[in-house]
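I have placed the structure first, in the form of C-alpha cells, so that the comments after it can refer back to it.
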Amino acid sequence: MRFNFVTLFPHLIEGYFSDSILHRAMKNDLIKIDFFNPRDYTTNRYKKVDAPKIGGGAGMLLEIEPIEKTLEVIKQQDKNTKIIFLTPVAKLFNQKDAKRLAKEESLTLICGRYEGFDERLIELYANEVFSIGDFILTGGELAAMVMADSISRNIPGVLGNSDSLQEESFENMLLEAPAFAKPKNYKNLAVVSEFLKGNHSIIASIKHWLSLYKTKYFRPDIYSKVKADHEK
C-alpha cells in the first residue's frame, strides 16, 4: 500500500510513521508514504495557496490551481491511486471503509486547511470524500493520519497477530467487550470469574453479551441499528 499525503505541513505527519507498528510496516515494505506540498506547485513568488471566498464569508479557501497541479504530478507517478479528500462535510469514515480501502494499491489523502477546498476540486478529482467525526480541526493532517493508521492495520502482515483484528470494536457492529489483564483482583474489583475457567464457548457467549450491553450504553445509535437488523 502506498499513501500519498497532499499537505502544506508534511512534518506534522512524517513523525507518526517513525515508530511502532507503522514504522515496522514501512521497513518490511508493506506500506510506503510520500508527501506532496501544493506550495511547490504555485506560480506566485510568495508560494501563496489560499484566496478569499467568492461571494464573501470569513476565512480563506485553498485555491484550485496548486492542488490541481499537485494531483496531476501524483497521477503521472501513481496512475492507480484513489484520491480522497478529508473534510468535515462528508460521510463518516468507519471500520468497513478501512477494511475496503486496505485492498487498494495506493491512496492519495488530501489534507484541507483554512476554510477548506474550492468545491470544484472535489467535483473534478475526488474518488471519495471522508470525515472522521462531527467536529472541526485546524487541518486535515490529523484526519489523514487517523485514516492511514486504521487502513494500514488491516493490511495483511502489518499487525504481529492478525487474530487481534477479529475481536476489535466494530468488527461485528458492536463495541469490543471489556478486557482484563493481571492482577485478577485489583482494589476489590475482580475479573469475570468464568474468564478464569478456560471454557472458550462460555467465555465467547459472555463476551458477546457484555459487548451488546456496552454498545447499548455507550453507542445507542449503533445498538439500535444492530437491533433493527436482528428484527428483520
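At-a-glance table
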| quantity | calculated |
| --- | --- |
| Residue, surrounded by the most Cβ atoms within 10 Å (Cβ to Cβ), within the stretch 115-159, restricted to residues that are more than 17 Å from VAL49 (Cβ to Cβ) and charged (D, E, K, R) | ARG153 |
| Residues being within 15 Å of the chain's Cα centre (by Cα) and within 18 Å of LEU62 (Cα to Cα) - total across the stretch 7-22 | 0 |
| Matching entry among LEU71, LEU86, LEU61 (being part of a helix (DSSP H, G or I), crowded, with 16+ Cβ neighbours inside 10 Å and of a type outside the set (D, E, K, R)) | LEU71 |
| Criterion (assigned by TED's automatic domain parsing to the domain that holds TYR114 and either over 18 Å from SER150 (Cα atoms) or in contact (Cβ under 8 Å) with a residue 60 or more places away in the chain (or both)) met by exactly one of MET26, MET60 | MET60 |
| Count of residues meeting criterion [within 25 Å of ALA228 (Cβ to Cβ) and outside any loop (DSSP other than H, G, I, E, B)] in the stretch 170-211 | 8 |
| Residue list for the stretch 83-99, restricted to those being among the aromatic types (Phe, Trp, Tyr) and in contact with a Gly (Cβ under 8 Å, 6 or more places away or on another chain) | PHE85 |
| Contacts under 7 angstrom Cβ, first residue in the stretch 30-42 being farther than 14 Å from THR7 by Cα and modelled with pLDDT under 95, partner surrounded by 15 or more Cβ atoms within 10 Å (Cβ to Cβ) and of a type in the set (Val, Ile, Thr), 6 or more apart | none |
| Tally of residues being out of contact with any strand residue (DSSP E or B) (no Cβ under 8 Å at 6 or more places or on another chain) and free of Cβ contacts under 8 Å to residues at least 40 places away in the same chain across the stretch 7-18 | 3 |
| Residues of the stretch 125-142 satisfying the condition of being part of a loop (DSSP other than H, G, I, E, B) and not hydroxyl-bearing (Ser, Thr, Tyr) | ALA126, ASN127, ILE132, GLY133, ASP134, PHE135, ILE136, LEU137, GLY140 |
| Test: residue in the stretch 50-61 that is within 27 Å of SER18 (Cα to Cα) and of a type outside the set (Ser, Thr, Tyr) | no |
| ILE21 under 22 Å from LEU101 (Cα atoms), touching a strand residue (DSSP E or B) at 6+ places or on another chain (Cβ under 6 Å) and not in a strand (DSSP E or B) | no |
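For every residue, the table says whether it meets (1) closer than 24 Å to ASP19 by Cα; (2) outside the structural domain of ASP19 (by TED's automatic domain parsing); (3) touching a His at 6+ places or on another chain (Cβ under 8 Å).
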| position | (1), (2), (3) |
| --- | --- |
| ASP118 | no, no, no |
| LEU124 | no, no, no |
| VAL129 | no, no, no |
| ILE132 | yes, no, no |
| GLY140 | yes, no, no |
| ALA148 | yes, no, no |
| LEU159 | yes, yes, no |
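The values are calculated or read from the model by the stated rules, or taken from the named source; none is laboratory data. All figures in this text were calculated on a predicted structure; none of them were measured in a lab. Note: ideal-geometry Cβ built from the backbone for every residue, glycine included; neighbour counts use all protein chains shown.
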